[in-house]
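Data block below; observations after.
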């Protein structure tokens, strides 16, 4: 019964259409071109994803935001506050597209979606972080940014992200050191002098390492222009020039 | 070449077609037209113009035959084209903007045991005849391919382009859904 229901005969119809030229084979090169285009698109998306990730890492490094991770849980929360979430979201969307592209290939659809996404995310993280922390790729782009095409140059101008007033985070220059207190020049608002209350549990060696004229990263609660610090770190390699670039970008 | 020769493999026929033997394509139509019609009828459940759809499958196969890699299985390839054609027909009736198939997210263990399958085959065919129309197309399809067309999990995974574990879990859920629907009918 079932077999009778499904008996059809379309062979002659199809062969007639083939013979008459109504249906024709697409040439092989069309498929080859499509494959090349898809591979190129996949590779391009992968490159952009790695580039954005390496930029995020570079931005955290050059802005010294990653130093916040050394201030315990509160430092971690402060790090999350200044993290460039927009770039990360863009990167995740790109990885999602990358995953969709790879599913057109045999090795892509054989993997469960979630695992493939995790593998891609890990690969982008490893290459992105490795490129920033293991090579001078980003530093050399930053140095040559004026000579690079404008979109890339402008992109790297944003790498050094300023601390925002009121968030309790600043790069400051020490003007005076008191008992449990510093008087500093606030780099966030060219030359403003503010007080910083040091944490009670600040290790003695860190306190003793502070000297007048040092540039320090301060993390804490900011109230009425006074920062109650929970973390302080000397930034010996902080280039004043970079601070100036940042200040210009804030108050321009 | 004697084109009635049943010993010649599908892939060898494809090679002939790729080299320009148009008549040889008729052999492939002979071999698959009824299988695809049965697959389409069961999968689509309420579609009348199955002959036109199967014809479209063969037209698409002929147009794209240069893209077929003869080291792979032709049956999986033609079923893949049929799957796409039937899914497009289903989509005409449903407005789905973006669907996420949660079965494909994680890996699932696979038990494609031929002995168990043989024992189940008869029972499942009876159940499929009784209640296939009442379960979702996603589940209908795997049951039809596995129990009626007798295609292995691995080949179904190639046809649907999903991980093999997804086929295992989908067949398990499809059987549960089918049994549930039949039980409900009895009540």
Scan the stretch A:115-155 for residues that are within 14 Å of another protein chain (Cβ to nearest Cβ) and more than 26 Å from residue A:66 (Cβ to Cβ) and report the count. 2
Considering only residues that are assigned to a loop (DSSP other than H, G, I, E, B), at pLDDT below 85 and surrounded by 10 or more Cβ atoms within 10 Å (Cβ to Cβ), which ones fall in the stretch A:201-224? A:202
Quick one: how many residues across the stretch A:86-104 are within 21 Å of residue B:84 (Cβ to Cβ) and out of contact with any helix residue (DSSP H, G or I) (no Cβ under 8 Å at 6 or more places or on another chain)? 1
Given (1) at pLDDT below 90; (2) under 16 Å from residue B:36 (Cβ atoms), index of the condition residue B:133 fails: (2)
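Condition check ((1) out of contact with any helix residue (DSSP H, G or I) (no Cβ under 7 Å at 6 or more places or on another chain); (2) modelled with pLDDT of 95 or more; (3) within 13 Å of another protein chain (Cβ to nearest Cβ)) across all residues:
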| position | (1), (2), (3) |
| --- | --- |
| B:3 | no, no, yes |
| B:37 | no, no, yes |
| B:42 | no, no, yes |
| B:50 | no, no, yes |
| B:53 | no, no, yes |
| B:70 | no, no, yes |
| B:79 | no, yes, no |
| B:88 | yes, no, no |
Selection count where residues are surrounded by fewer than 20 Cβ atoms within 10 Å (Cβ to Cβ) and touching a residue at least 12 places away in the same chain (Cβ under 8 Å), scope the stretch A:175-188: 7
For the stretch A:156-165, indicate whether the set of residues that are within 26 Å of residue B:167 (Cα to Cα) and crowded, with 17+ Cβ neighbours inside 10 Å is non-empty. no
What is the one condition in (1) facing chain A (nearest Cβ under 7 Å); (2) at pLDDT 95 or above; (3) closer than 20 Å to residue B:144 by Cβ that residue B:62 does not satisfy? (3)
Criterion violated by residue A:4 - all others in (1) modelled with pLDDT under 90; (2) under 30 Å from residue B:26 (Cα atoms); (3) surrounded by 19 or more Cβ atoms within 10 Å (Cβ to Cβ) satisfied: (3)
Failed item, numbered, when residue A:75 is tested on (1) touching a strand residue (DSSP E or B) at 6+ places or on another chain (Cβ under 7 Å); (2) more than 28 Å from residue A:217 (Cα to Cα): (2)
Inside the stretch A:1-114, counting only helices (runs of 4 or more DSSP H) that do not spill past its ends, which hold 1 or more residues that are touching a residue at least 24 places away in the same chain (Cβ under 8 Å), more than 10 Å from chain B (Cβ to nearest Cβ) and under 30 Å from residue B:54 (Cα atoms)? A:28-62, A:85-102
What's the total number of residues in the stretch B:19-30 that are farther than 10 Å from residue A:11 by Cα, more than 8 Å from chain A (Cβ to nearest Cβ) and in contact with a helix residue (DSSP H, G or I) (Cβ under 9 Å, 6 or more places away or on another chain)? 2
Reported set for the stretch B:163-181 where residues are within 19 Å of residue A:108 (Cα to Cα) and surrounded by fewer than 21 Cβ atoms within 10 Å (Cβ to Cβ) is B:164, B:165
Conditions (1) out of contact with any strand residue (DSSP E or B) (no Cβ under 9 Å at 6 or more places or on another chain); (2) surrounded by fewer than 19 Cβ atoms within 10 Å (Cβ to Cβ); number of the one not met by residue A:70: (1)
Kindly indicate whether residue B:125 is over 21 Å from residue B:85 (Cβ atoms) and either away from chain A (no Cβ under 14 Å) or part of a loop (DSSP other than H, G, I, E, B) (or both). no
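The values are calculated or read from the model by the stated rules, or taken from the named source; none is laboratory data. Remember, predicted model here, so these are calculated numbers, not experimental data. Don't worry about glycine lacking a Cβ; one is built from the backbone with ideal geometry, like all the others, and counts go over all protein chains shown.
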